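S.K.: Structure provided below as C-alpha cells; questions to follow.
The values are calculated or read from the model by the stated rules, or taken from the named source; none is laboratory data. This one's a predicted model, so the numbers in the text were calculated from it and none came from an experiment. Every residue, glycine as well, gets a Cβ built from its backbone with ideal geometry; the counts of neighbours run over all protein chains shown. Calculation scope for accessible area: heavy atoms of the full protein, side chains included, ligands and nucleic acids excluded. Shrake-Rupley method; radii C 1.70, N 1.55, O 1.52, S 1.80 Å.
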Amino acid sequence: MSTSGTSGTTGAPGATGKEPVAVVGIGQTKHVAARHDVSIAGLVREAATRALADAELTWADIDAVVIGKAPDFFEGVMMPELYLADALGAVGKPMLRVHTAGSVGGSTALVAANLVAARVHRTVLTLAFEKQSESNAMWGLSLPVPFQQPLLAGAGGFFAPHVRAYMRRTGAPDGVGSLVAYKDRRNALKNPYAHLHEHDITLEKVQASPMLWDPIRYSETCPSSDGACAMVLTDRAGAARSPKPPAWVHGGAMRSEPTLFAGKDFVSPQAGKDCAADVYRQAGITDPRREIDAVEMYVPFSWYEPMWLENLGFAEEGEGWKLTEAGVTEIDGDLPVNPSGGVLSTNPIGASGMIRFAEAALQVRGQAGEHQVPGARRALGHAYGGGAQFFAMWLVGAEEPTT
C-alpha cells in the first residue's frame, strides 16, 4: 500500500483550514535497562520499522522525518540526527530535530502533526529515543556550584520539594505516592514493551523501599531505560487507505515558562494549565473528567499523578490525591491513568513523552492489548520537561474530528 511520495497540499485545490491528522502506525522497542545488542541507529530503526509495519507502509511512503531526544550530553553524541538519517530512510528527505527537555517526545509528535495539518507533507515518520545505558542522566542533571545549590542529585532532588509543597498545600497523606507506584507497576505487567515487570510487587514492598528524596521512595521513581518510539502520521487520504483504524488528532498544544520567576507555582505550573485548556478547546472538551476515557500522563515520580490531575483540570485544587486514593485512576476505574505502566515503569527520557502520545493513540485504536481500556474513544497524551516548564499534550479520538 502506498501514499503519494511527494509533499504538498492534499484534497481539493484551494482547500482551506487544517488538514485532519491521523496516527496510522505505531512502533516501540522493548524497553530495558541496557540494549547492548544495538547502536543508537539500530535502536531507532527498530522502532521505525515496527511503526511502518503497523501502517503497512514502506520507507518510500514517508515524505519527512521528525526526530527528538533529550539533551545530547546524556549520551555524549552531539546532534545524532545527522548520522541517523540513513537508519531512518531520510536520505534526500527533510529531517527535523526537536528538543524540549523531558517533554521532547510529545513536542516532536506535535511538530510532525503540524507538518501534516499545514499540508507541508502528507505522511511523516516521527520518532524519539534515549539510550540511557550510554549516559549518566542523574549526574548529567546534577549541575555544579554556582549553577545550583549543592543540596540535591538528579531530577528527584529538584522535584521532591515541590511534592512536599503539594502535600502541605492539600493535606494529602503520606501513602498516596505508594498507591500510584503500586498501580502503575501492576499495569506494566500487562504491557510487553514496559521496562519494569515486577511480578512480586506489593503495596507493602513499595512502602518499605528506601527513601531517596523525601518524600519520594525508590519504588516511587522512574527507571533509566534504553528505548525508542515511532509513529506514522498522515492526512485524511492516507487514513482512508489505512487497513487498521486510525487515531485522529483532535487537539494538540505546547506551552513553556521559565524555570524560575517571581510567582511561579511549582506545584501547578501555569503553562501546564494553559496547555491543557488549549487542547480541550480545540477538541471541544468542556468536562475532561467525564469526556476523556483514558490518560497517559507523564509521571516520573509517583506524586505527580495527583498533582497533574489538578493541573490538567481532572480535579479541583486539593482534590487530586483523593481520586488516586479512591481508585478512580486504576485501569478499571472511572478515569484510568497510565494503563501502560507510565513513566514509572519505562523511561527512555527522550522517548517518554512520545510513548505517552502513542499509548493514548493505541487506546482509541483499540490496540493496547492487555492494558486496553474497554470502549476508550478519546484519550489524552501528556508530557512535561525541564524544571516543570515545558509542556506538550494531544488529545486523540477514534472518530475524525468534525471541524
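S.K.: For Asp200 and Ser133, what does the FRET efficiency come to when R0 = 22 Å and r is the distance between their Cβ atoms, rounded to the nearest 0.05?
M.R.: 0.35
S.K.: Along the charge dipole of the chain, pointing to its positive end and built from +1/-1 on Cβ of Lys, Arg, Asp and Glu, which listed residue (Pro223, Phe74, Thr234) has its Cα farthest out?
M.R.: Thr234
S.K.: From the phi angles alone, apply the Karplus equation (6.51, -1.76, 1.60; θ = phi - 60°) to region 329-346 and give each ³J(HN,Hα) in whole Hz, x where the residue is Gly or Pro.
M.R.: Residue by residue, region 329-346 yields 8, 5, 4, 9, x, 4, 9, x, 10, 6, x, 6, x, x, 5, 5, 10, 8 Hz.
S.K.: Then there's this: Over the chain, what is the percentage of antiparallel beta bridges among all DSSP beta bridges, to the nearest 5?
M.R.: In the chain, approximately 70 percent of DSSP beta bridges are antiparallel ones.
S.K.: Which cross-chain or sequence-distant (5 or more) residues have an amide H under 5 Å from the amide H of Leu96, H modelled 1.01 Å from N in plane?
M.R.: HN-HN under 5 Å from Leu96: Val65, Val66, Ile67.
S.K.: How much net charge surrounds Glu75 when only other residues with a Cβ under 11 Å from its Cβ are counted (Lys, Arg +1; Asp, Glu -1)? All intermediate terms of the calculation are to be shown ahead of the outcome.
M.R.: Values: positive: Lys69, Lys131; negative: Asp72, Glu130, Glu134, Asp226.
Summing Lys/Arg as +1 and Asp/Glu as -1 gives -2.
S.K.: Right, next: Run the accessible area of the chain with a 1.4 Å probe and give the carbon-and-sulfur part as a rounded percent.
M.R.: Exposed carbon and sulfur together represent 56 percent of the surface.
S.K.: Looking at the chain, how many pairs of lysines come closer than 13 Å at the Cα, when each pair is eight or more places apart or spans two chains?
M.R.: Step by step, the pairs that qualify in the chain add up to 4.
S.K.: For region 319-368, what class follows from the C-alpha gyration tensor (a ≥ b ≥ c being the square roots of its eigenvalues): rounded when a/c is under 1.5, otherwise prolate if a/b is larger than b/c, else oblate?
M.R.: Verdict is oblate for region 319-368.
S.K.: Next question. Please report the relative contact order for the chain, taking Cα pairs under 8 Å with a sequence separation of at least 6, and give it as a percent rounded to a whole number.
M.R.: After rounding, I find 25 percent.
S.K.: Quick check: from the Cα gyration tensor, does the chain come out rounded (a/c under 1.5), prolate or oblate? Don't jump to the answer; show the numbers that get you there.
M.R.: Details: a/c = 1.62, a/b = 1.36, b/c = 1.19.
The shape class here is prolate.
S.K.: Over region 171-308, what is the mean sequence separation of C-alpha contacts under 8 Å (at least six apart), divided by residue count, expressed as relative contact order in percent?
M.R.: Values: 105 pairs, mean separation 33.8, N = 138.
Relative contact order comes out at 25 percent.
S.K.: Once amide H atoms are built 1.01 Å from N in the peptide plane, which residues 5 or more positions from Val32, or in another chain, come under 5 Å H to H?
M.R.: Asp226
S.K.: Using a 7 Å offset from the Cα along the Cα-to-Cβ direction at both Arg168 and Tyr83, what is the distance between the two label points in nm, to one decimal?
M.R.: The answer from the label model is 4.8 nm.
S.K.: Here is a follow-up. If a/c stays under 1.5 just call it rounded; otherwise compare a/b with b/c (prolate if a/b is bigger, oblate if not). Do that for region 157-279, with a ≥ b ≥ c from the square roots of the Cα gyration tensor eigenvalues.
M.R.: Cα axes put region 157-279 in the oblate bin.
S.K.: Would you look at the GNM of the chain, springs on alpha carbons closer than 10 Å, and say which of Gly102, Gly327, Gly341 moves the most?
M.R.: The residue that fluctuates most here is Gly327.
S.K.: By how many nm would the segment from Asp287 to Val91 lengthen if fully extended, with 0.36 nm per residue of separation less the alpha-carbon distance?
M.R.: Residue separation times 0.36 nm, minus the Cα-Cα distance, leaves 66.1 nm.
S.K.: If you line up the long axis of helix 154-170 against the longest principal axis of the chain, both from Cα atoms, how many degrees apart are they, to the nearest 10?
M.R.: 70
S.K.: Can you tell me the relative contact order of region 23-127? Whole percent, Cα pairs under 8 Å, sequence separation 6 or more. Can you show the working numbers first?
M.R.: Working: 139 pairs, mean separation 32.8, N = 105.
That works out to 31 percent.
S.K.: So how tilted is helix 176-188 from the main axis of the chain? Cα-based, degrees 0 to 90, rounded to 10.
M.R.: The helix 176-188 is inclined about 40 degrees to the chain.
S.K.: Which of Ile201, Ile355, Ile26 ends up with the largest GNM mean-square fluctuation for the chain, with Cα atoms connected below 10 Å?
M.R.: Between Ile201, Ile355, Ile26, it is Ile201 that shows the largest mean-square fluctuation.
S.K.: Grab the Cα-Cα distance for Glu325 and Ala118, subtract it from 0.36 nm times how many residues apart they are, and report the gain in nm with one decimal.
M.R.: Result: 70.2 nm gained on full extension.
S.K.: For the chain, take the longest principal axis of its alpha carbons; what is the angle in degrees between that and the long axis of helix 270-283, to the nearest 10 within 0 to 90?
M.R.: That works out to roughly 40 degrees.
S.K.: How far apart, in nm, are two points set 7 Å out from the Cα along the Cα-to-Cβ line at Asp334 and at Lys18?
M.R.: A separation of 2.9 nm, rounded to one decimal place.
S.K.: Can you work out the FRET efficiency for the pair Arg241 and Asp72, with r the C-beta to C-beta distance and R0 = 41 Å, to the nearest 0.05? Write down the numbers at each step before the final one.
M.R.: On the way: r = 37 Å, r/R0 = 0.91.
For Arg241 and Asp72, the calculated efficiency is 0.65.
S.K.: Helix-only mean residue ellipticity at 222 nm, the chain, DSSP H runs n ≥ 4 weighted -39,500 (n - 2.57), per residue, nearest 500. What is it?
M.R.: Here the helix-only value at 222 nm equals -9500 deg cm²/dmol.
S.K.: Express the accessible area of the chain per residue in Å², computed with a 1.4 Å probe while the remaining protein chains stay in the model.
M.R.: Here the residues of the chain average 37 Å² of exposed surface.
S.K.: Counting other Cβ atoms within 10 Å of each Cβ, which chymotrypsin sites (Phe, Trp or Tyr not before Pro) in region 213-314 have at most 14 and sit in a DSSP loop?
M.R.: The qualifying sites are Phe261.
S.K.: I've got another one for you. Quote the charge dipole size of the chain about the Cα centre in Debye, to the nearest 20; the model charges only the Cβ of Lys and Arg (+1) and of Asp and Glu (-1).
M.R.: Values: 34 positive and 43 negative charges, 110 e Å.
The calculation lands at about 520 debye.
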